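The structure appears below as structure tokens.
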Amino acid sequence: MNGSHKFVAVMLGAAFLGCNGPAAVSEPQWFLMARHGECMEVEGLKRKVPDLSDIKDPYSFMKFMRQKGHTVTAGEMTAVQGRAVEVKVSEKNLFLIFVTTELCQNSLAVPTR
């Protein structure tokens, strides 16, 4: 079997097995934890940071703030289920906790889409 025949055989086999290529890894959806345990959309930060770009997670937020020249401190928080990241930008009076969906499921104010 030459190279092109092997390629066609592999592609047909993948199609037959229902394979659509490499499995996509879904990114976790992040929210901000409010004072009383409610969760809100990350976009809510635009009230305090009007020039906030399309930030969806704590890591892009930290990068954005550092690019603006702010000092950022952060730390992963241990959670039974889900993920949480504490981010502080003292110069902007921001003390945030980013959480994944799992930590918002028990909240009364889970954002709907």
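Of 82, 29, 70, whose Cα points farthest to the positive end of the dipole of region 27-104 (charges on the beta-carbon: +1 Lys, Arg; -1 Asp, Glu; origin at the Cα centre)?
70
For 71, 78, 101, what ranking results if the residue with the fewest other Cβ atoms within 10 Å of its Cβ goes first?
Fewest-to-most Cβ neighbours within 10 Å comes out as 78, 71, 101.
Students often forget the sequence filter, so: which aspartates and glutamates lie under 13 Å Cα-Cα from residue 88 once same-chain residues fewer than 8 apart are removed?
Hits, sequence-local ones excluded: 76.
Sort 77, 62 so the one with the fewest other Cβ atoms within 10 Å of its own Cβ comes first.
In increasing order of surrounding Cβ atoms, one gets 77, 62.
Cut-off is 10 Å between beta-carbons; in what order do 51, 57 appear when sorted fewest neighbours first?
Fewest-to-most Cβ neighbours within 10 Å comes out as 51, 57.
Every read-out reported here was derived from the displayed coordinates using simple, explicitly stated rules and does not represent laboratory data. This structure is a prediction, so every number in the text was calculated from the model and none was measured. Glycine also receives a Cβ, built like all others from the backbone with ideal geometry; neighbour counts cover every protein chain displayed.
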